[in-house]
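First comes the structure, then the notes that go with it.
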Amino acid sequence: MYIKIGRDYNDLSIDTAKIIAGHIRAMPNTLVCLAAGNTPLGAFRELVAMQERGEVDLSSVWYAGLDEWVGLGPDDEGSCANVMNDALYKVIQKERIRIFDGLDSDSDRQCREMENWIKSHGGISFTLLGIGMNGHIGFNEPGTPDVDGCFTVALDDVTKSVSKKYFGKELPVTTGITIGWRTLFNAQSVVLMSSGKDKAPIVKAALQESQTPNVPASLFQNHSNLSVMLDNDAASLIVPI
Ligand code: F6R
């Protein structure tokens, strides 16, 4: 595991964008999976700026949307699709992207379609993850099963309460649809990104305590090509080894 600690959020975002762009240049036409949420927004801003400067072609890879709140569609503020469209997908050819639609009630079909999308592109080559306050990655909540593919999950209470930050109000979200952690783990390259003091305890648990499905991010500790990108605050409980 490689851990890089940036001075601040801006540093972290620029460094993470450079890693993503480097992967896209090195492995065009492969499939990448990038988390939504607040943490990667700075990196996405930087990636869009890099594309404007001609430093990367974001339409040279394919995209799999990591997860979605069941019941919310792309037009709903705070949905993963809404966040990703605004931050990144708006500058990418639409046919390059497959996402979950939280308004489509046939979740099983959506899961099978996403699994086929992933298989047809030779698996995921690069995964960018954020980490939830409860250690979740995507919507792989604490206690997540070790199964290949995609599934729906009952959202953890912590996830439900944190969700207000995306919607500006409390919404009755209870279920998520997600790519499973094993499929994400199978990527050649994984970047886990985290920022802020409130994440420091869970970052410490994920990286320096025992691996457990109760902290899904910890399951990535022995990935052969894991880069952990932190700012000083998120790294404040990490013990140098
Ligand atoms: C979002 C996702 C979530 C977030 C995590 C951290 O697509 O998969 O697992 O990465 O909840 O969210 P932020 O970055 O908002 O703290």
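Readers should treat all values here as calculations from the given coordinates under stated rules, not as data from a laboratory. Since the model is a prediction, treat every value here as computed from it, not as a measurement. All Cβ positions, glycine included, derive from the backbone under ideal geometry; neighbour counts span all protein chains shown.
General observations
- Rg/Rg_globular for the chain, with Rg_globular taken as 2.2 N^0.38 Å and Rg from C-alpha atoms: 0.93
- Cα-projected label distance for residue 75 with residue 208, points at 7 Å along beta-carbon direction, nm: 4.8
- Here is the short version for the chain: 33, 80 have no other Cys C-beta closer than 4.7 Å.
- The range 2-231 - share of DSSP beta bridges that are antiparallel (%, nearest 5): 30
- Computed over the chain, relative contact order equals 25 percent, with contacts defined as Cα pairs under 8 Å that lie 6+ residues apart.
- Of 166, 63, 89, the one that fluctuates the most in a GNM where the chain has Cα springs shorter than 10 Å: 166
- Per residue of the chain, the DSSP helices (runs of n ≥ 4 H) give a summed -39500 (n - 2.57) that works out to -9000 deg cm²/dmol at 222 nm.
- Flagged links, alpha-carbon separation over 23 Å, of 160/197; 4/199; 165/197; 4/165; 94/119: 4/165
- Calculated over the range 165-241: convex hull of Cα atoms, volume per residue (Å³): 125
- Think of each Lys and Arg Cβ as +1 and each Asp and Glu Cβ as -1; about the Cα centre, that makes the dipole of the chain roughly 520 debye.
- Considering only 241, 13, 128, and ranking their Cα positions along the charge dipole of the chain that arises from unit charges at the beta-carbon of Lys, Arg, Asp and Glu, the one farthest toward the positive end is 241.
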